[in-house]
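Enquirer: Got a structure for you, written out below as C-alpha cells; questions coming shortly.
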Amino acid sequence: MMILNRNITPAVDDEETAQKNTSRVRRRPSHWKKDTPEDSIKKNADTTTATRRRRRRRQVNNTTRCDDDTASTVSASLSSSSSDEENSNNNKQQPSATNKSANKESSTASTKKKSQANNQRRRRTNTANKKNNKKSSPKVIQFPTELTPSEKSHYIALDAEMVGVGPYGQHSRLARITIVNYDGECIYDHHVQVLETVTDYRTHVSGITSEDIALPSTTSSTTSSNNDNDNNNNNNNNSNGRNPPIPYEQCQSEVASILHDKIVIGHGLKNDFRVLGLHHPWTHTRDTARYEPFMKKVADNNEEQHNTYHGYNKEYLPKKLKTLAKDKLGLNIQMEGVPHCPMEDATAALELYKKHRVKWESAMRYKIERTREITTSATAVDYAI
C-alpha cells in the first residue's frame, strides 16, 4: 500500500520549471496586504451575517416545501382564529360606549385622590415651616410711638451723686438723689446725710460741698430749743436755695416706694442701686450703659479695658453719657470745669430711651420670653428627677 505525502514536491526535470514553481509560492501580488485587527473584525462580522442569512433562507424553503394538506389545515386554522378574533373585537366594541362613563368616573376619582394627597402634603410642609420659623426668629411686636398718661406713669429716670469715704475716698456714699418722670419733671430731689467722715467730696464732678450734707446741730436737749433750731436751719437752707439733707434710711424707704413696679431709666444704674442699697429686677431696668447698640466694641488685644470693666460684657464696653448725648441727641452736657447736674443727666438718659424705645422694648420682650422658656424647662427637668 502506497502512502502519499502531500508536502513532498514532485520531481522536476528542468531547473527553470522548478524556479517558476518556487517563485509562485513565495511571491504575492502587490495589492495583497496582511490583515489588520480591524479587517479581522470586519471579516468576522461578515461571516456572522452570512450565516444568519443562510439560516433564514433554509427556514423559508422549509415552510414553502410543506404539503398541500398541511397548507389547507393551516389556512383553515388561520381562518377560524381570525373569525374568533373578529367576534371578540365586536363583543369588545359593543360595551365600549357604556364603559366610557365608568372609565371617566374612575379617572376623576383617582385625580381627586391625588390632588387631596398633594394638598395634605403641602399643608404639612407649611405647618412644619411655620413652626421652624417661630422657633428660629423672635416675634415682631409693634409698640406704639406715643404713650398714654397711664403708661407714662410706669417710667421714671434716676441719677445719684456720691462722695468718697475711707482712705483716698475709694468707697462711695450717697450724697444726692434725683428722680424725674417721663415728661422730664422732677418729682424727687434731696441731699442725704453721710454719717462717716468724708475724705473726698468730688466737688468738681458731683458739685457736693460740706454744707450740702452737714448734720443738723444739736445745741440743747429740750424740745423747744430743738424746734427753734430746726426752724432756723430750715429758714437758712431755704434762703440758700437748698433743701436740708435727710437721713439715709428715710431716703432709702422713700425711693424704694417710688421705684416699686416702675421701669427705671438711667446711666450706670448698677452703681446707683449699690449706693442706695436697693435691688431692682433687670426686667424693669433700662440702663443706657448696658444697652448694646449704645456700647463700643473692644479689640481682643486690648487687655487693659477688659480688666477695668470686668463686670461688663467682654466684647462691648459702655460709653460715657456725655458722648451718647452728643452723638445720638446733639446735646452738650457735663461741660469741662462745671460740676454734673443730676437732673440734666437723668433727662439725657430719658431722652435716649425715648428715641430708641421701640427697638429696646422688642429686644427686652424677646429676652424675657427666652428666660421664661429656659426656667420652665429647667423646673420641669428638676421635677422629673
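Enquirer: State all residues of the stretch 275-303 that are in contact (Cβ under 8 Å) with a residue 40 or more places away in the chain and open to solvent by 50 Å² or more (accessible area, probe 1.4 Å); if no residue qualifies, say none.
Expert: Here is the first cut: in the stretch 275-303, the residues in contact (Cβ under 8 Å) with a residue 40 or more places away in the chain are 275-276, 283, 286, 288, 291, 293-294.
Within the stretch 275-303, P293 is the sole residue that qualifies.
Enquirer: Something else about it: Quick check on the stretch 297-326: of everything there that is more than 21 Å from V205 (Cα to Cα) and either touching a Gly at 6+ places or on another chain (Cβ under 6 Å) or of a type in the set (D, E, K, R) (or both), which residue is modelled with the highest pLDDT?
Expert: Selected residue: K297.
Enquirer: Sticking with this structure for a sec: State which residue is farthest from E185 (Cα to Cα) when the search covers only the stretch 331-355 and only residues that are open to solvent by 50 Å² or more (accessible area, probe 1.4 Å) and under 35 Å from the mean Cα position of the chain (by Cα). Even if it seems obvious, please write down each step before you answer.
Expert: Within the stretch 331-355, the subset open to solvent by 50 Å² or more (accessible area, probe 1.4 Å) is 331-332, 335-341, 343-344, 351, 354-355.
Cutting the leftovers down to under 35 Å from the mean Cα position of the chain (by Cα) gives us 351, 354-355.
Numbers: E351: 13, K354: 15, K355: 18 Å.
This residue is K355.
Enquirer: Now for a separate question. Which one is modelled with the lowest pLDDT, of the residues in the stretch 170-183 that are open to solvent by 10 Å² or more (accessible area, probe 1.4 Å) and in contact with a strand residue (DSSP E or B) (Cβ under 8 Å, 6 or more places away or on another chain)?
Expert: Of all residues in the stretch 170-183, those open to solvent by 10 Å² or more (accessible area, probe 1.4 Å) come to 170-173, 176, 181-183.
Retained after the next criterion (residues that are in contact with a strand residue (DSSP E or B) (Cβ under 8 Å, 6 or more places away or on another chain)): 170-173, 176, 181-182.
Working: Q170: 91, H171: 94, S172: 94, R173: 94, R176: 96, N181: 96, Y182: 95.
Only one residue tops the list, namely Q170.
Enquirer: Oh, and also: Which is within 46 Å of the chain's Cα centre (by Cα) and not in a strand (DSSP E or B), of V194, V205, V180?
Expert: On the way: V194 fails: within 46 Å of the chain's Cα centre (by Cα); V180 fails: not in a strand (DSSP E or B).
Only one candidate passes the filter, namely V205.
Enquirer: Please name all residue pairs, on different chains or six or more residues apart, with Cβ atoms under 6 Å, provided the first residue is in the stretch 174-193 and is farther than 12 Å from I156 by Cβ and the second residue is hydroxyl-bearing (S, T, Y).
Expert: D189/T178; V192/Y248
The values are calculated or read from the model by the stated rules, or taken from the named source; none is laboratory data. In this text, all values refer to a predicted model and were calculated from it rather than measured experimentally. No Cβ is skipped: glycine too gets one built from the backbone with ideal geometry, and neighbour counts run over all protein chains shown. Surface areas here come from the heavy atoms of the whole protein model, side chains and all, with no ligands, DNA or RNA. Shrake-Rupley method; radii C 1.70, N 1.55, O 1.52, S 1.80 Å.
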